[in-house]
1. Please specify each residue of the stretch 268-322 satisfying the condition of being within 20 Å of Glu234 (Cβ to Cβ) and polar (S, T, N, Q).
2. Somewhere in the stretch 151-167, is a residue aliphatic (A, V, I, L, M), in contact with a helix residue (DSSP H, G or I) (Cβ under 6 Å, 6 or more places away or on another chain) and either modelled with pLDDT under 95 or on the phi > 0 side of the Ramachandran plot (or both)?
3. Suppose the filter is on the phi > 0 side of the Ramachandran plot, of a type outside the set (Lys, Arg), modelled with pLDDT under 95 and surrounded by 15 or more Cβ atoms within 10 Å (Cβ to Cβ); does Gly240 pass it?
4. Ala250 passes all but one of (1) part of a loop (DSSP other than H, G, I, E, B); (2) in contact (Cβ under 8 Å) with a residue 12 or more places away in the chain; (3) small (Gly, Ala, Ser); which number fails?
5. Given the structure, is Gly314 in contact with an Asp or Glu (Cβ under 7 Å, 6 or more places away or on another chain) and on the phi > 0 side of the Ramachandran plot?
6. Only one residue in Ala212, Ala207, Ala191 is over 26 Å from Ala284 (Cβ atoms), surrounded by fewer than 17 Cβ atoms within 10 Å (Cβ to Cβ) and either among the hydrophobic types (A, V, I, L, M, F, W, C) or touching a residue at least 60 places away in the same chain (Cβ under 8 Å) (or both). Which one?
7. Can you tell me which of (1) modelled with pLDDT of 90 or more; (2) within 16 Å of the chain's Cα centre (by Cα) is the one Pro204 doesn't meet?
8. In the set Glu225, Glu237, which member is part of a helix (DSSP H, G or I) and in contact with a strand residue (DSSP E or B) (Cβ under 8 Å, 6 or more places away or on another chain)?
Amino acid sequence: MKKFPLLLITLILAACTPSERTTIENFDDCVAAGNPIMESYPQQCRTKDGRLFREDIGDEMEKKDLIRVDLPRPNQAISSPVTIEGEARGYWFFEATFPIVLEDDQGDILATHYATAQGEWMTEDFVPFTSEFDVIFGDATKGNLILKKNNPSDLPENDDELRIPVTFDKSSAETSLITLSFYSEDDLSNAMFDSPVTVTRTIPKTAKVAEATLLALFNGPTEEEELEGARSSEDLEKLGEYYLGINIHAEYQDPLNPPTNGKIIENVAIVNFRSEALSILNSAAARQFMVKSAIEETLRHFPTITHILYAIDGEVFDEWDA
């Protein structure tokens, strides 16, 4: 009879004590529980009850004959600015670039950018590439870096991507305040720029503040900014895919005049795009006006910018059709 209470207590304790099976669901849980890690790649962790969990390294093994990334490595901590280095087959590029997306672990996009080939890309061999961009991680602690094959055809069968899981190092607290000018609903409805919605945003401190500002503009307003009435457009977001950077000159020779009698203009920003951007920048007058107004209004928040020029593949462009 004395054994019955003891058995009952044992059963109650067993029911109240979480088992290893219910508390360990992935590699990180397994490691955190103090289980041994096997020396392999990817690393593997074995639980006391014999279950085996493999570290998530994304698509690295499946894509190694197409694209290889040296920095960052899977599950490495990244900080802003994010630096990426690696090599990819020439056909992963188009016009020497391919898109990059950084998502948090919920699939929300934190940043979009591009990688640039560091050599001749029209080959089937591996070509080195680099990329660097700023990002605000917000509350997220981990996510995925996605390096997409450039697919100018937009055909789904030509899509491909490499996914790299990463964690976020937010220890760097230095920030900069930027100002963006988006469209209002009325502006978009009337193809005007009479009532732009101006918002301020905090970004990680960078030496390339103007470049980071335009990237933020092309990426569009946040949910909070949309609640304030800020709107973007398909054209403005598309320009972000063609954007190559910005150069600011204290003095610049006006390209519309020959050097012998041309004037010097001060505080000039030259916004550089790939040639595909001409389908928007040099289209119908109203379409040109809308994208250029948002770009120029945003850049004029910088006191060091008074003139804005556009370049295509590094050459200042002045043969506008409208």
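1. If the condition is that a residue be within 20 Å of Glu234 (Cβ to Cβ) and polar (S, T, N, Q), then Ser275, Ser279, Asn282, Ser283, Gln288, Ser293, Thr298 are the ones that fit.
2. no
3. no
4. Exception for Ala250: condition (1).
5. no
6. Unique residue meeting the criteria: Ala207.
7. Unmet for Pro204, out of (1) modelled with pLDDT of 90 or more; (2) within 16 Å of the chain's Cα centre (by Cα): (1).
8. Glu225
The values are calculated or read from the model by the stated rules, or taken from the named source; none is laboratory data. Every value quoted in this text rests on a predicted model; they were computed, and no experiment measured them. Cβ: placed from backbone, ideal geometry, glycine included. Neighbour counts: every protein chain shown.
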